[in-house]
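What follows is a short report on a single structure.
The values are calculated or read from the model by the stated rules, or taken from the named source; none is laboratory data. As the structure is a prediction and not an experimental result, all values here were calculated from the model. All Cβ positions, glycine included, derive from the backbone under ideal geometry; neighbour counts span all protein chains shown. Ligands, DNA and RNA are excluded from the accessible area calculation, which covers all protein heavy atoms including side chains. Shrake-Rupley method; radii C 1.70, N 1.55, O 1.52, S 1.80 Å.
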Amino acid sequence: MNYFMLAGASSNVGKTTVTMGIMAAFKKRGLRVKPFKTGPDYIDPMFHRFVTGEPSINLDTWMLNEETIQGLFFRRLDENDLGIAEGVMGLYDGHSLESDVGSSAYLAKTIGAPVILIIDGRGMAKSAAALVKGYIDFDPQTNIVGVIINRISSASHYQLLKEMIEAYNDVTCLGYFPNNPDIVMDSRHLGLVPVEEIADFREKVDKAGELAETYIDLDRLFEISKHQQPKNIFVDPFSGYGDKYQGLRIGVPKDRAFNFYYEDNFKALENAGVEIVTFSPLTDEKLPENIDGLYIGGGFPEVFGAELAANTSMLTAIKNKLEAGLPCYAECGGLMYLTKSMTLNSGETNAAVGFLDADSEMTKRLQRFGYVNITAYLAEKTIEVRGHEFHHSLVKTAAKLPTAYVITKKGKTWTCGYRQKNVLAGYPHIHFYSNPLFLMRLLNVALEHKVGQV
């Protein structure tokens, strides 16, 4: 078994570009590359999947316990696979001052991954050695074994930095990426622009792969990645419910507007016996036939608001089904889509489904960001689950609606989301393996509705 982590000294060191190039280079060598992402990010896993052809798995050490993390990780890797985990933010950036939970370093220790630290080499000489030494000494249990230097202007500058870093640290400099504007990714309010919206993404990937092949010691990196095959004793908590939920069909919108989903959430549904039926609110005229519920994830519905509004038959179909009692679970962008309208910062307003008597408005300021503890009101009961919020919008109701969640974070408490008929919609994104009972209660509602329709 082979795996390692690529982690940045900070955000904006070019971690995603380097990761993309190394994945592409190893795939070109004929290896089956299995990608992973630290934390709750959705866009980097889209890049991973494009490059490798394999779904990328989110490993979030705050939402999931260590045993679950290890189980989800090792079940994805076969003996001859190469697992590459991309870090998040800076190596040690996590949930709080008191804990490294949620950080790349914590994940690396949880799965036993050697860490390759990516640094920005611009404007440095011996200071690069001090930077690397600080990261190594900060937590000796984090196994930093190599360094890749990004945005280098010349081979001679790299050789200088390599000499300095290796003189003061017991690590290997594995190469560098030259400064190249052709492989830089564009950003918007929720991070990098998704792969489906980048016209020349194939060219960027190919170029990054060529740079990795030319300037990175891939042979040495592969040697570092070798591990003994562990014995994975993980038992999926959803696998014992296949008989109960067999036959349930859950509709999932997946297109340019809705694409923020944790891959393991789909795995949970499949292991529970559920059939996932995908559709596009942008292009399909109607919902799939004979579905027993909807799972509407996040994404950028506001960016495609005019196209979504133009598909009036889909808006009507969803509203009518929800009014008739079809169960639905919606997150973030899914919540916005269920309101009456979505308004951009430019003032442009587009009609949405209109199931909730509320309107969504984009804001210039980030409204919520980070991990949250959630008390969810589901099927007339409460359930505790962990989640993550990240949104530049607000939902304003015309009348008081029953709330979906009570949320706490660092001593602060607020309500979020709405319950109406069999719909549960709110801003937090929830990983179903955080508390399996959350998904089971959602499926119970869908099952009861299905039985009631017979």
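A compact table of results
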read-out	value
Cβ-Cβ under 7 Å pairs, at least 6 apart or on other chains, the range 340-362 side in a strand (DSSP E or B), far side modelled with pLDDT under 95 and open to solvent by 50 Å² or more (accessible area, probe 1.4 Å)	358/396; 358/397; 358/398; 359/396; 361/394; 361/396; 362/345
Failed condition for residue 40, given (1) touching an Asp or Glu at 6+ places or on another chain (Cβ under 9 Å); (2) modelled with pLDDT of 95 or more; (3) not hydrophobic (A, V, I, L, M, F, W, C)	(2)
Any chance residue 384 is in contact with a Leu (Cβ under 6 Å, 6 or more places away or on another chain) and either in a strand (DSSP E or B) or open to solvent by 50 Å² or more (accessible area, probe 1.4 Å) (or both)	no
Test: residue 13 is within 27 Å of residue 120 (Cβ to Cβ), of a type in the set (Val, Ile, Thr) and surrounded by 24 or more Cβ atoms within 10 Å (Cβ to Cβ)	no
Residue match in the range 155-178 (condition: under 29 Å from the mean Cα position of the chain (by Cα) and among the polar types (S, T, N, Q))	no
All helices (runs of 4 or more DSSP H) inside the range 202-318 with 2 or more residues being surrounded by fewer than 16 Cβ atoms within 10 Å (Cβ to Cβ), out of contact with any helix residue (DSSP H, G or I) (no Cβ under 6 Å at 6 or more places or on another chain) and without any contact (Cβ under 8 Å) to a residue 12 or more places away in the chain	218-224
Lone unmet requirement of (1) open to solvent by less than 30 Å² (accessible area, probe 1.4 Å); (2) under 19 Å from residue 222 (Cα atoms); (3) not aliphatic (A, V, I, L, M) for residue 102	(2)
Failed condition for residue 149, given (1) of a type in the set (A, V, I, L, M); (2) surrounded by 15 or more Cβ atoms within 10 Å (Cβ to Cβ); (3) assigned to a helix (DSSP H, G or I)	(3)
Within the range 25-40, considering residues that are of a type outside the set (Lys, Arg) and either open to solvent by 20 Å² or more (accessible area, probe 1.4 Å) or closer than 14 Å to residue 57 by Cβ (or both), the one farthest from the chain's Cα centre (by Cα)	30
